[in-house]
Number of protein chains: 2
Amino acid sequence: MSSQPGEPASVDIDADYKPLRDRVRDELRRRIIDDVYPPGTRLVENELASQLGVSRVPVREAMRALESEGFVKTVPRRGAVVVELSAQDVEELFDVREALEVLACQQAATRATKADLRRVGTTLARARKALASGDRLALGRANEAFHDEILKLSHNDLLQNVLHPLQGRLHWLLRQTGDPYDLIEEHTALFEAISSGSADLAAEHARQHARLNREIVRRLLAERNQSASSA
Amino acid sequence: MSSQPGEPASVDIDADYKPLRDRVRDELRRRIIDDVYPPGTRLVENELASQLGVSRVPVREAMRALESEGFVKTVPRRGAVVVELSAQDVEELFDVREALEVLACQQAATRATKADLRRVGTTLARARKALASGDRLALGRANEAFHDEILKLSHNDLLQNVLHPLQGRLHWLLRQTGDPYDLIEEHTALFEAISSGSADLAAEHARQHARLNREIVRRLLAERNQSASSA
DNA sequence: TTGTGCAATCCTGTATACCGTATCCCTAGA
DNA sequence: TCTAGGGATACGGTATACAGGATTGCACAA
């Protein structure tokens, strides 16, 4: 059309336009993850709508999205409640996550570009810095970002669409359990495996990492349940 | 509480109640799969609403659901269009499907009950009968049912929630390409591997089956594209 | 003939109001 | 203490309105 060579493909006047429903969804998801709405909280459409200064329609649509992401459960005619992840839910989450993250890392190994890898390297450096300065929050965020970026390296849109919400729930879970562990060595090894270009090596590391991660979360949950049952 | 032993957990006056949005979603999905709305068709809220005799709200919610299932693509302020699966989409579909179906079969091998296996056996018999009588439609349905049931054998709710929509798209694709192949031997072998209780064996067969399936679809698509480009 | 600009139109996104009905909760009564 | 009744609450759905981006078609200019 009228676009000059070198310019982005389309005109995109409104590239950053986001429907209200999506902004509401993001805000509610954030509140759930940040424990503003702890598990068990009822999410009442009218309350949220007036609180956010929007009508019920976008709130309803946001709620359906959060339901399909697994953050809330809707019982027909009773409304939506923030889910409490059961032990079985956690196991299933790790089952599926392992299968998909192994695939993501395999594909990342064969498809990642130099620029991709540089970006991940930067994120890892940020994590190391956060660890050194003892900033647990920043470390957690950097670790989350690491997984998000690995996922992008797969250059597989469907995989990203499927796995991303699961990772969201995983991150939520890790924040609930305190996420008090050092994954940097693990992540570095995984990153190197991917950088090597060997799909098999990357897969092996991804599987190992997922399993270690699962074990840690299992232990944390077991501890939490013990202290809860003694109350 | 007040319920007597042996009675269902709750009174369940309305056990089969389904929100309108879900029924609309199912109906629209059916129409897409049955090619009533071929790829590229614009889905206009008002039209569908008046056609189905409902208001716009449930139609909108159904559309979002179909979007997250990957049947339609919506561009903000421009509306929803039935997607046309690109070659890359198909590859990604098979990538993720393979990873998840391998997991499903592994878990099915260790978790399936006798009753589960009997049920699948019945479905396989149905497929054989359909093949013998040359009923292609029934054969296709039976093959779809086979995969749905294997998935249930995994007794993994999350896995089912994630994989089921992908299988829906896959079945859609197979109907588009004509689904003209005989999978019964393959399915029988997979079924026996699962029945044996060996996760490794089941995984191997699942992987092999997924790859064969992918090859067949690739060939069919290549043929279709050739005949399309010569038009 | 081919393009270009503008106006009319369509449709989405959102708001508002309202209704029926299922569910929940509280209270009064046995 | 338990149960039944009744009101309050909130979901699911309908109807309507409207602003403004997107699309289309047409007239007009090059």
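The values are calculated or read from the model by the stated rules, or taken from the named source; none is laboratory data. Everything numeric in this text was worked out from a predicted model, so none of it was measured. Cβ coordinates were reconstructed from backbone atoms using ideal geometry, including for glycine residues, and neighbour counts include every protein chain displayed. Accessible surface areas use protein heavy atoms only, side chains included; no ligands, DNA or RNA. Shrake-Rupley method; radii C 1.70, N 1.55, O 1.52, S 1.80 Å.
Just a few scattered comments:
- Residues located in region B:119-135, provided they are exposed (fewer than 15 other Cβ atoms within 10 Å of the Cβ) and of a type in the set (A, V, I, L, M, F, W, C): B:ALA125, B:ALA132
- Flag for A:SER50 being modelled with pLDDT of 95 or more and away from chain B (no Cβ under 14 Å): yes
- Candidate set from region B:28-48 (those that are part of a helix (DSSP H, G or I), farther than 14 Å from B:VAL72 by Cα and open to solvent by 50 Å² or more (accessible area, probe 1.4 Å)); member that is farthest from DNA strand D (Cβ to nearest atom): B:GLU47
- Residue in region B:107-130 that is within 10 Å of chain A (Cβ to nearest Cβ) and more than 16 Å from DNA strand D (Cβ to nearest atom) present: yes
- Scanning region A:100-118 finds one or more residues that are open to solvent by 20 Å² or more (accessible area, probe 1.4 Å) and either among the hydroxyl-bearing types (Ser, Thr, Tyr) or within 16 Å of DNA strand C (Cβ to nearest atom) (or both).
- Where A:ASP89 falls short, out of the listed (1) closer than 13 Å to B:LEU158 by Cα; (2) buried (at least 17 other Cβ atoms within 10 Å of the Cβ): (2)
- Region B:65-83 - residue that is within 13 Å of DNA strand D (Cβ to nearest atom) and not in a loop (DSSP other than H, G, I, E, B) and, of those, farthest from A:MET63 (Cα to Cα): B:VAL81
- Residue in region B:85-94 that is more than 18 Å from B:HIS209 (Cβ to Cβ) and in contact (Cβ under 8 Å) with a residue 60 or more places away in the chain present: yes
- From A:ASP12, A:ASP22, A:ASP34, A:ASP26, residue being within 30 Å of A:LEU137 (Cα to Cα) and modelled with pLDDT under 95: A:ASP34
- If the condition is being surrounded by fewer than 17 Cβ atoms within 10 Å (Cβ to Cβ) and more than 11 Å from chain B (Cβ to nearest Cβ), then region A:56-74 contributes only A:LYS73.
- Within region A:136-210, helices (runs of 4 or more DSSP H) holding 2 or more residues that are within 13 Å of chain B (Cβ to nearest Cβ) and open to solvent by 10 Å² or more (accessible area, probe 1.4 Å): A:157-177
- Candidates are the residues of region B:15-35 that are more than 13 Å from DNA strand C (Cβ to nearest atom) and of a type in the set (Asp, Glu); the one that is nearest to B:HIS171 (Cα to Cα) is B:ASP34.
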